[in-house]
Each structure stands twice: as C-alpha cells, then as structure tokens.
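Student: Dropping the structure in here first, questions after.
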C-alpha cells in the first residue's frame, strides 16, 4: 500500500514538473520566430506568423501595412486602387521567388539564443539605374511634373505607362547574393502567459533585410506606431520578460 502511494505521489510530482516546464518553454523555436519576423520585412507576409506571438488581428494589420511599405519605391507615381493592388501582388510574388530566407539556431541558450539568418537582397543601385534611364520611367517623370497626382490617378496614358514600367521592373527585379546576419533573441510573454522569442534589436534586423528601410518614410500615424511597438521590442498585448 505504501509502495502504491509513493508511486502515485511520484506520478503526480512528475506531472507537475512537466506542466511547469511546458509553461516556461516558448511555443516556437527561436529560429522559426526570427524567420517569421524576417519574412514580414521581406514579403509583408509570413506563413510562420504564429511564431511571433502576435494576436491574429494585429498580425493581419501588420502584414497589410508592411505590404504597403513595400510599395514605397513607387510612391512618387500615383496609381489608381486597382493598379496599385495588382502591382503590390506581383511584387510580393516576385519577392517570394527571388529573395530566399532561411534561419538556423547558431547558439542555443535559454535566455538569449542566437539565430543565423541568411537572405539575399534587392540590388537597389541597379534598380535606381533602371528607373533613371528607362524610357517609360522618363515618360512618367515628365508627366508627373506637368500634372497633379489626382489627375494622374485617372489618366489612362499615365496608368498604362506606369503599369508597363512597374511590372517590367518587377519581372526582372535585380538581386544580390545572399549574406548572413546573427540575430540575438529575447523572450516576450503574451496575456495568456505564453512565451515567444523575438529579436532583441529589430531595427538591426530590418536594416539587414532592407538597408533602405526607414520607419519615418511611411505613414507616421499608422505603420510607424505599430512597427515601433512591435518591432521596437514591446510585446503585443503582453509584457516583455525584460525589465
């Protein structure tokens, strides 16, 4: 009888230990979390979005605004909503095709693991050269200087020329060879007590993915606040485990 009681007590003890371990273990690995953040900056989307710990509605909003940020290269050329959506879709598809991202755990640590992130980049200097010398882009620049943005948004010739120029550039989007970057992580906790990994220095991550990325270039009332809150180190609907 005593032996049976000891066995039951041991079973209960081990069960409690397992619960404790599970409660203090991040739901996803550090490399998967870093990959999710990197994909957000690269594509504006991520199939691994759950690994960030973002609430769904917040994640959807971030992805939407990041996709809009990717269109900043075309901000000086007013597209109508339909053409904007088409160019945005084509751009995201092309980025998925030509910009390959991978992540692997480099330093396994309970508090600050290090993930090696590998990605290639858009060759911005070549893009600038194309837009400076391409005939369609020259035509667009002339039209921009003689017409107002609202007029161009409904100008059939401008819209047609812009779509030809943008889709042509996207189809031949120039890229550089892949490079690597070490990402040190920290823990964040959501309101339900779930733990997630996130990069300690999100600004450094964003600059690795997109060296031209500047938060202040985007809508200061929308994407600015969200990116600073999420990617600046503040846990969404929860608190950071760091003091």
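Student: Would you be able to say whether some residue in the range 136-149 is in contact with a helix residue (DSSP H, G or I) (Cβ under 9 Å, 6 or more places away or on another chain), in a loop (DSSP other than H, G, I, E, B), at pLDDT 90 or above and surrounded by 15 or more Cβ atoms within 10 Å (Cβ to Cβ)?
Tutor: Checked the range 136-149: no residue is in contact with a helix residue (DSSP H, G or I) (Cβ under 9 Å, 6 or more places away or on another chain), in a loop (DSSP other than H, G, I, E, B), at pLDDT 90 or above and surrounded by 15 or more Cβ atoms within 10 Å (Cβ to Cβ).
Student: Would you be able to say whether some residue in the range 218-226 is surrounded by 14 or more Cβ atoms within 10 Å (Cβ to Cβ), at pLDDT below 90 and within 21 Å of residue 83 (Cα to Cα)?
Tutor: Checked the range 218-226: at least one residue is surrounded by 14 or more Cβ atoms within 10 Å (Cβ to Cβ), at pLDDT below 90 and within 21 Å of residue 83 (Cα to Cα).
Student: Kindly indicate which of 83, 76 is touching a helix residue (DSSP H, G or I) at 6+ places or on another chain (Cβ under 7 Å), at pLDDT 80 or above and surrounded by fewer than 14 Cβ atoms within 10 Å (Cβ to Cβ).
Tutor: Just a single option satisfies the conditions, and that option is 76.
Student: Looking at the structure I just gave you, is residue 86 more than 16 Å from the chain's Cα centre (by Cα), closer than 21 Å to residue 207 by Cβ, in contact (Cβ under 8 Å) with a residue 12 or more places away in the chain and not in a loop (DSSP other than H, G, I, E, B)?
Tutor: Against the criterion (more than 16 Å from the chain's Cα centre (by Cα), closer than 21 Å to residue 207 by Cβ, in contact (Cβ under 8 Å) with a residue 12 or more places away in the chain and not in a loop (DSSP other than H, G, I, E, B)), residue 86 does not qualify.
Student: Oh, and also: Kindly indicate which of 92, 107, 115, 98 is within 26 Å of the chain's Cα centre (by Cα) and without any contact (Cβ under 8 Å) to a residue 12 or more places away in the chain.
Tutor: Answer to the check: 107.
Student: In the range 46-64, what residues are crowded, with 17+ Cβ neighbours inside 10 Å and not in a helix (DSSP H, G or I)?
Tutor: Residues satisfying the conditions are 46, 48, 53, 54.
Student: Scan the range 164-188 residue by residue and report those that are over 18 Å from residue 120 (Cβ atoms) and surrounded by fewer than 17 Cβ atoms within 10 Å (Cβ to Cβ).
Tutor: 164, 167, 168
Student: One residue is enough: does the range 8-28 have a residue meeting the conditions at pLDDT 90 or above, closer than 25 Å to residue 99 by Cα, surrounded by 11 or more Cβ atoms within 10 Å (Cβ to Cβ) and touching a helix residue (DSSP H, G or I) at 6+ places or on another chain (Cβ under 8 Å)?
Tutor: So the first thing to find is which residues in the range 8-28 are at pLDDT 90 or above, and the list is 26, 28.
Next, from what is left, pick out any that are closer than 25 Å to residue 99 by Cα: 28.
Now narrow it down to the ones that are surrounded by 11 or more Cβ atoms within 10 Å (Cβ to Cβ): 28.
Still in the running and touching a helix residue (DSSP H, G or I) at 6+ places or on another chain (Cβ under 8 Å): 28.
Yes - at least one qualifying residue is present in the range 8-28.
Student: In addition: Just name the residue that is surrounded by the fewest Cβ atoms within 10 Å (Cβ to Cβ) out of those in the range 118-135 that are in contact (Cβ under 8 Å) with a residue 24 or more places away in the chain and farther than 14 Å from residue 175 by Cβ.
Tutor: Here the residue is 134.
Student: Can you confirm whether the range 122-134 contains a residue that is touching a strand residue (DSSP E or B) at 6+ places or on another chain (Cβ under 7 Å) and not in a helix (DSSP H, G or I)?
Tutor: Checked the range 122-134: at least one residue is touching a strand residue (DSSP E or B) at 6+ places or on another chain (Cβ under 7 Å) and not in a helix (DSSP H, G or I).
The values are calculated or read from the model by the stated rules, or taken from the named source; none is laboratory data. Just so it is clear, the structure is predicted and the values come from calculations on it, not from any experiment. Positions of Cβ are backbone-derived with ideal geometry, glycine not excepted, and every protein chain shown enters the neighbour counts.
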